[in-house]
1. Give 45, 20 a once-over and let me know the one that is at negative phi, aliphatic (A, V, I, L, M) and more than 10 Å from the ligand (Cβ to nearest atom).
2. What are the pairs with Cβ atoms under 6 angstrom where one residue, in segment 30-59, is among the polar types (S, T, N, Q) and the other, located anywhere, is within 15 Å of the ligand (Cβ to nearest atom)? Sequence gap at least six, or different chains.
3. Which residues, taken from segment 98-155, are on the phi > 0 side of the Ramachandran plot and free of Cβ contacts under 8 Å to residues at least 12 places away in the same chain?
4. So, in segment 166-194, how many residues would count as being among the acidic types (Asp, Glu) and either surrounded by 15 or more Cβ atoms within 10 Å (Cβ to Cβ) or farther than 24 Å from residue 11 by Cα (or both)?
5. Can you tell me which residue within segment 198-236, out of those that are within 22 Å of residue 141 (Cβ to Cβ) and part of a strand (DSSP E or B), is farthest from the chain's Cα centre (by Cα)?
Amino acid sequence: MDHSKLAKIYDQYYSPKWPVDNNIEALINYLKKWPGGDNIIELGVGTGNVAGKLYLEGYHNITGVDICSEMLDQAKLKFPKIKFIHDNFCNANFKSFDWVIIVGMIFTGISNHDKKLLLEKMYEELPNDSLIFINFRNWNYHPNFRNESLVEREYDNIGTYKIFDYYKWLDYNHCKGKFEYINIQNDEIFEAKYEMWILTEKDLSELVIDTGFKIMTIATPQEIGYSERFNNINIWVLKK
Ligand SMILES: C[S@@+](CC[C@H](N)C(=O)[O-])C[C@H]1O[C@@H](n2cnc3c(N)ncnc32)[C@H](O)[C@@H]1O
């Protein structure tokens, strides 16, 4: 999704009370139970809410990568000491990291071919015993996509913004759409386009295992206490 126009109000929407955020705190408490974290990379770090919380918990060796400079500008304001890289995370070099964190719709937003390439790159480059945490939206495939036309739905208002979502399924696993944010105070409108390629839990698990990784655990949002309102799965994957 293109976050460039959303960046300045992203935190008001998704984490209005940050740094107090029970959802992210639960995620961090869960992550802390795992060994390592000596050198962490977060892919799609956004405004730094997860990386920043990890930093505050003492994980000081942390790098955030994001393709959107406007999101990184917000992250840098909050965390001048964290290292941020402005790039597509598919180009990241994983050689020195022992944890990779991928949370917040990100894995859904790259094509399934790119997911495979990224997993292969990580497998090739990560040191042994590294862990990858993937938060992933677990949707079922959409076999009837051909019969469906453009879908329009209204989201809950957030602050002064009314949000509409327009999307269309192009294939059983591929959907394209845009969010429209309308500021009801001044009628200003901006758009954020998105594209998603879904994988079921079973197919993602198979892809991960075929790449050579070992699945350490698959946890539900309830088990972690962290959720993005959708039917998520969270997997920890180990490079043997
Ligand atoms: C929904 S935000 C999540 C931010 C953060 N992970 C969190 O959970 O708070 C998604 C971020 O991923 C970034 N992103 C999406 N695809 C990317 C890619 N291929 N390379 C780098 N950043 C990407 C977007 O620019 C955006 O800032």
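Values in this text are rule-based calculations from the coordinates and carry no lab data. From a predicted model like this one, the values you see are computed outputs, not experimental measurements. Virtual Cβ from ideal backbone geometry, glycine too; neighbours counted across all protein chains shown.
1. Values: 45 fails: more than 10 Å from the ligand (Cβ to nearest atom).
When all the criteria are applied, what remains is 20.
2. Qualifying pairs under 6 Å: 47/10; 47/11; 47/71; 47/74; 47/75; 49/15; 49/18; 49/24.
3. Taking segment 98-155 first, the residues on the phi > 0 side of the Ramachandran plot are 104-105, 129.
Listed by number, the list is empty, since nothing qualifies.
4. Going residue by residue through segment 166-194, those that are among the acidic types (Asp, Glu) are 171, 180, 187-188, 191.
Subsequent filtering for residues that are either surrounded by 15 or more Cβ atoms within 10 Å (Cβ to Cβ) or farther than 24 Å from residue 11 by Cα (or both) retains 171, 180.
The number of residues fulfilling the criteria is 2.
5. Step by step, filter segment 198-236, then rank; the result is 215.
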